[in-house]
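The values are calculated or read from the model by the stated rules, or taken from the named source; none is laboratory data. Note that the structure is predicted; figures quoted are calculated from it, not measured. Virtual Cβ from ideal backbone geometry, glycine too; neighbours counted across all protein chains shown. Note: accessible area is taken over every heavy atom of the protein model, side chains too, but ligands, DNA and RNA are not part of it. Shrake-Rupley method; radii C 1.70, N 1.55, O 1.52, S 1.80 Å.
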Amino acid sequence: MIISDRVKKMQSSPIRKLIPYSQAAEKRGIHVFKLNIGQPDIKTPEAFMDAIRNFDKDVIEYAHSQGIPEMIESLVKYYKKFDIPLEYDDIIVTTGGSEALIYSILTIANPGDEILIPEPFYANYNSFATLAGVNIVPITTKAEDGFHFPLKEEIEAKITDKSRAFIIANPSNPTGAVYTRDEVNMILDICKEHDMFVIADEVYREFVYDGEKYVSFMHREDTLENVILVDSVSKRFSNCGARIGAVGSKNKEFMKQFMKIAQARLSVATLEQVGVAAIVDAPDYDEFMKEAYDEYKLRRDTVYAALKDIPGVVAKEPKGAFYNVCKLPVDDAEKFIIWTLENFDIDGETILMAPAEGFYATPGLGKNEVRFSYCINADELKRSMHILEKALEAYPGRTEIK
Ligand SMILES: Cc1ncc(COP(=O)(O)O)c(C=O)c1O
């Protein structure tokens, strides 16, 4: 029996790979602050639970492949808040943003085609591309530049006759970068000139700080046909386990072809759609979103205030999402993370970070970088940053960043 080369080529998750070391520390009685994973700890809106409790049908039937009407209507209403011009027929509900991503890639690219992605990027893009037999062409962005794009010419130099699309997370996981209107327009110009799609992964659109403005790739009329919007309620509604996402596009041919895959997988979970559909109309919707926003902003501020004062660390203030990538004064961040879990604690507490190398496609990049997520409270984050500072002081493999 064989296992496919396609699956064997997939990498393990950089977010999860060091969990065994964290579990070993916990076995020794150490409390580990998990800064590796983007699992929000904010309470899911009550409206979601209520709608499911009040569901009164006797049979949980397959839903329509496009999604249940209430769910699609709630998305149309939600997108209007952001001037995203998606109407009912432009939307298909998916099992998380993850399904929207993999099916979008399958819909627009043949094996051997290329997709351009700014790196560091959400590591699962790698897995989805590998499954589809598509090659990722990275556009390297740097911590020193706040992870913004290089010049248009540099990006265009990477385009070949196999380039099919960009995938861009805006705001970005893992960097927290929020792309400016000029950057969004530059990518859209390239798509228009080279007949390419942009798969716009905007699942963190609510979380943009310091008066920066989230600019959707759907903001421009003349390029709407080039844009595939990937969406998810996991992060904005603190609802990762519901597995509800969506794909949206004004490109009718794309939607028609995507629908064939949606039909083959039959439907998305009915009850979870019922629950999520109720959230947008809930009377406490604005209050919920504001509280979540304020909490993430406090956490972002807490982490950055500490990071910028730790000697040898290079960090820029992230402007969105709830992540941060920074450079540490070590040769190999993964070794440092393992060393910390095995050797270092303060009053019985230590930290688990994600090594950033797995978020890059270019070999060797990100070796001395880590990604933090802010999914624990501000007080614990403060203690975590103190542990990081002291662990770096104690680490025998410390080097200075050149
Ligand atoms: C940038 C980005 N896109 C997509 C996803 C997938 O989200 P889900 O499948 O939970 O909707 C995530 C999850 O962390 C993410 O960070």
Relative contact order in percent for the chain (Cα pairs under 8 Å, 6+ apart) equals 26 percent
Sorting D294, D90, D347 on solvent-accessible surface, 1.4 Å probe, most exposed first, gives D347, D294, D90
For R164 the rounded accessible area (nearest 10 Å², probe 1.4 Å, non-protein molecules ignored) is 70 Å²
Counting only DSSP loop positions in region 59-146, the chymotrypsin sites (Phe, Trp or Tyr not before Pro) whose Cβ has at most 16 other Cβ atoms within 10 Å are Y62, F82
Using a 1.4 Å probe on heavy atoms of the protein chains only, the accessible area for H219 in Å², nearest 10, reads 70 Å²
Region 80-141: relative contact order from alpha carbon pairs under 8 Å, six or more residues apart, as a whole percent, is 34 percent
So, relative contact order of region 337-379 in percent, Cα under 8 Å, 6 or more apart, is 29 percent
So, with points 7 Å from each Cα along the Cβ direction, the D145-K290 label distance in nm works out to 3.8 nm
Honestly region 32-124 on the Cα gyration tensor test (a ≥ b ≥ c root eigenvalues; a/c under 1.5 rounded, otherwise a/b vs b/c for prolate or oblate) is just oblate
Length gained if K335 through K297 is fully extended, taking 0.36 nm per residue and subtracting the Cα-Cα distance, is 10.7 nm
What helix-only [θ] at 222 nm does the chain give? Using -39500 (n - 2.57) per DSSP H run of at least 4, over all residues, to the nearest 500, the answer is -11000 deg cm²/dmol
Region 46-277: spread of alpha-carbon positions along the three principal axes, whole Å, largest first, is 59, 41, 31
With every protein chain kept in place and a 1.4 Å probe, the residues E380, E153 fall, from largest accessible area down, as E153, E380
Where a ≥ b ≥ c are root eigenvalues of the Cα gyration tensor, a/c under 1.5 meaning rounded, otherwise prolate if a/b exceeds b/c and oblate otherwise, region 211-282 counts as oblate
By the C-alpha gyration tensor axes a ≥ b ≥ c (rounded if a/c is under 1.5, else prolate when a/b exceeds b/c, else oblate), the shape of region 110-160 is oblate
So E156 and T180, fully extended at 0.36 nm per residue minus their Cα-Cα distance, gain in nm 6.8 nm
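What GluC sites (Glu not before Pro) does region 53-98 have in DSSP loop regions with at most 15 other beta carbons within 10 Å? Intermediate values should be presented prior to the final figure.
Numbers: sites: E61, E70, E73, E87; in loops: E61, E87.
Hits after loop and neighbour filter: E61, E87.
If you stretched the chain out fully between I2 and I52, how much longer would it get, using 0.36 nm times the residue separation minus the C-alpha to C-alpha distance?
13.7 nm
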P(r) over all Cα-Cα pairs of the chain, 10 Å bins from 0 to the longest distance, whole percent per bin, short to long, reads 5, 22, 31, 26, 13, 2, 0
